[in-house]
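Student: I have a structure here, written as structure tokens, and I will follow up with some questions on it.
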Amino acid sequence: MMAKETPSTAWELAKAIVWAQRSKLAAGLALLFVDRAAGFVVPIAPKVLLDEVVGKQRADLLPWLAAAVVVASLVQALALFGLQRILGLSAELVVLGWRRRIMARITRMPAAHLDGTQSGALLSRIMDDAAAMQNLVGAQLARWTSNILTALGAFVALLWIDWKMTLLALAFAALPGLGLDLAHRKLRPLFRERGELRAEVAGRLAQTLSGIRVVKAYGAERREQLVFTRGLHRLFRVMSRTTNRRGTMGAVAAVVSAGVIAIVVVMGGRAILAGTMSLGDFGSYVAFALMFAAPLLDLPEIATRVTETLADLDRVRAVEAVIPEDEGDDAREPLGAIRGEIAFEDVSFAYRPGSPVLRGVSFHAKAGTTTAIVGPSGAGKSTMFALLMAFYRPSRGRLTIDGRDLASVKLRDWRKRLAVVLQDDFLFDGTMAENIALPRPNATREEIERAASAAHCDEIVSALPDGLDTIVGERGLKLSGGQRQRVAIARAILADAPVLLFDEATSSLDSESESAVHDAMKRLALARTVFVIAHRLSTIRGADQILVLDRGELVECGTHDELLQRSGRYRALHEAQFGAVHAGGDGHGAAIEPEVASR
Ligand code: ATP
């Protein structure tokens, strides 16, 4: 489509886009040329009518004149139709290609960048800004080019008929023309501001809508309406400034073209009276002058569109300038099959420089074992997961997989070795089967059914109106938290990855769902390296090792029994969460989960 590196200015990007479409544009231009050439028949007709038919009494020319006008119009119609077909369609394709490209760039953005950007704004990059490409390569461009061609052709004809009058009119038109250029330089930042504001307002709106339940529950509708209205007003102010400038430019252009016509009337009238210009020539001159002036009226509109398009391209460039998270993957080593031995070696990490979230964390997880991560809220458990998923890279130390530095292997390969079950796992707008098949869209129906069954989803599926083909997620049936988690487990089972990250639900499930999830998890954990952010005693007790995290530091590490005997941080946490530990420290927690705890 265009050069791989990001062009340094919007102009360069525009040129690259136009250049990529050069063959279609050339075909379009050829058709335009035909159209414009045929378009000259009409203004010449009055001259022939007045000078030849009327002046020389040649009535026999009349049918020919009529035929010429009709044929010329037909040619014009056909040429314009061809033009729309070629340029219109190819412009749509260009927009399609850019939407795809920007979407791909955005999904490849590092998590750190996405964290700081509203999703509504990103949506607007993909849908609105990409549409701007149409201005560069679509019928719009044809219109502009045709305007310029028409004006140029008409100008030559005008010079031909009466060069003095023409140059005078041009001198009159030139001055405001320069002003127009100046006005546009001022408009561009306004358009940029408008685009950014629009994205911001849309972004906030998207959040209001996706969080509508919380908004309603707290009666915050009016406040959200207010925030939105405020956004709209800010947008309106920018719009009114641009509209004022555009209006002024349009008015100036109209006055200029009227002035040009006035000059023509006065000078032409004099020339006819003096006998230096024929009536026919004057007729043609007026027709050509109109042909010349019409594009002039269009000029502010064209300039506005160009300015807007450049502002849109600026934003597209900003998206393209973000380095994708998998940049350099081609140079990294392929991962191949793994045993699944994972280690953190003195890992430190901070989202913002100066406020570390993980500090010097080191541990080893043998292949096929389960590591439970526990610790108070904000201790950095999810952050460890984010590092494991390679959403972020450690600021110090390293993660290793089978002894190899994670940073040195292909990101794509590593993510393929991962399955995740996160809290409140996301269901897409699609059928249950599609949701389960997310990691392997080509999975057979039988595989999906088996995964669903292994994750104890049978009972959920049989209760759904269309079984596995029921639409769930956004538009479809909503599932409960526990049900969603089982679907996520089915997903992970189908992914069949050697490393599993499991973020246990903190919300309590009813005991039936609880034991179903637990059972499904146990099956899933077999022969896999599992990391689980654990909240349930049963999970913690079953782990091969427990990492106790506190304020970003790994304070204890060992099995449940070992840690209880140590009477340290884990024991305190355990007692706070599950009640006092019986003497002897055999780890049987009291109260909350007696059934599980006594297993
Ligand atoms: P919880 O059990 O409550 O989920 P946690 O142990 O998983 O907590 P983390 O989510 O890892 O804790 O958060 C650790 C710290 O990092 C917190 O102080 C949090 O404010 C901060 N933090 C988490 N995510 C980000 C982010 N994307 N950008 C900046 N800071 C973050």
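What follows is calculated from the coordinates using simple rules that are stated; it is not laboratory data. Note that this is a predicted model, so its numbers are computed, not measured. Positions of Cβ are backbone-derived with ideal geometry, glycine not excepted, and every protein chain shown enters the neighbour counts.
Student: With only Lys, Arg, Asp and Glu charged, each at its Cβ (+1 for the first two, -1 for the last two), find how big the charge dipole of region 373-440 is about the Cα centre; round to the nearest 20 debye.
Tutor: On the way: 11 positive and 7 negative charges, 100 e Å.
So the magnitude is around 480 debye.
Student: For the residues CYS457, CYS557, what sequence is obtained by ranking on other C-beta atoms within 10 Å, fewest first?
Tutor: Values: CYS457 26, CYS557 18.
With the sparsest Cβ surroundings first, the list reads CYS557, CYS457.
Student: I'd like the distance separating the alpha-carbon centroids of region 454-496 and region 358-404, in whole Å.
Tutor: 29
Student: Neighbour counts of other C-beta atoms within 10 Å: give me LYS410, LYS416 arranged from fewest to most. If you can, show how the numbers build up before the last one.
Tutor: On the way: LYS410 17, LYS416 14.
Listed from fewest to most nearby Cβ atoms, that is LYS416, LYS410.
Student: If you find the alpha carbon centre of region 336-353 and of region 83-106, how far apart are they in angstrom?
Tutor: One Cα centre to the other: 41 Å.
Student: Something else about it: Mind listing which chymotrypsin sites (Phe, Trp or Tyr not before Pro) in region 406-496 are in a DSSP loop and have 16 or fewer other Cβ atoms within 10 Å?
Tutor: In loop regions of region 406-496 (DSSP not H, G, I, E or B), the sparsely surrounded chymotrypsin sites (Phe, Trp or Tyr not before Pro) are PHE426, PHE428.
Student: Calculate, in nm to one decimal, what ASP544 and ILE212 gain on full extension: separation in residues at 0.36 nm each, minus their alpha carbon distance. Working shown, then result.
Tutor: Numbers: separation 332, 0.36 × 332 = 119.52 nm, distance 4.21 nm.
Extra length available between ASP544 and ILE212 comes to 115.3 nm.
Student: Just to confirm the number: angle between the C-alpha axis of helix 511-525 and the first principal axis of the chain, 0 to 90 degrees, nearest 10?
Tutor: 80
Student: Quickly work out the ASN442-to-VAL71 label distance, labels modelled 7 Å from Cα along the C-beta direction, and quote it in nm with one decimal.
Tutor: Simple spin-label model gives 6.0 nm for this pair.
Student: Restricting things to alpha carbons, find the Rg to Rh ratio for the chain using the Kirkwood radius for Rh.
Tutor: That ratio is 1.18, to two decimals.
Student: Right, something else. What do you get for the angle between helix 481-495 and the principal long axis of the chain? Use alpha-carbon atoms, 0 to 90 degrees, nearest ten.
Tutor: Once rounded, the angle reads 80 degrees.
Student: Rank the residues TRP19, TRP144 as a footprinting-exposure proxy: fewest other Cβ atoms within 10 Å of their Cβ go first. The partial results should precede the final answer.
Tutor: Working: TRP19 11, TRP144 20.
If I rank by nearby Cβ atoms, fewest first, I get TRP19, TRP144.
Student: Continuing with this model, one more query. Only bridges whose two residues both fall in the chain count here: according to DSSP, what percent of them are antiparallel, nearest 5?
Tutor: Working: 21 of 40 bridges.
Bridges in the chain are about 50 percent antiparallel.
Student: Rounded to whole Å, give me the distance from the Cα center of region 216-287 to that of region 147-163.
Tutor: Centre-to-centre (Cα) distance: 23 Å.
Student: Roughly how many debye, to the nearest 20, is the charge dipole of the chain about its Cα centre, given +1 on each Lys and Arg Cβ, -1 on each Asp and Glu Cβ, and no other charges? Could the numbers behind the result be given before it?
Tutor: Values: 71 positive and 65 negative charges, 422 e Å.
That gives a dipole near 2020 debye.
Student: Still on this structure, please answer the following. Using Cα positions and a limit of under 13 Å, work out the aspartates and glutamates in reach of LYS186, with same-chain residues fewer than 8 apart set aside.
Tutor: Candidates past the 8-residue exclusion: GLU308.
Student: Report, in degrees rounded to the nearest 10, the 0 to 90 angle that the Cα long axis of helix 62-83 makes with the longest principal axis of the chain.
Tutor: 10
Student: Please state the shape class of region 243-324: rounded when a/c is under 1.5, otherwise prolate if a/b exceeds b/c and oblate if not, all from the C-alpha gyration tensor. Present the calculation step by step, with values, prior to reporting the outcome.
Tutor: Values: a/c = 6.98, a/b = 3.30, b/c = 2.11.
Verdict is prolate for region 243-324.
Student: Which percent of Cα pairs goes in each bin when the distances of region 203-253 are cut into 5 angstrom slices starting at zero?
Tutor: For region 203-253, the pair-distance distribution reads 5, 19, 19, 14, 10, 9, 8, 7, 5, 3, 1.
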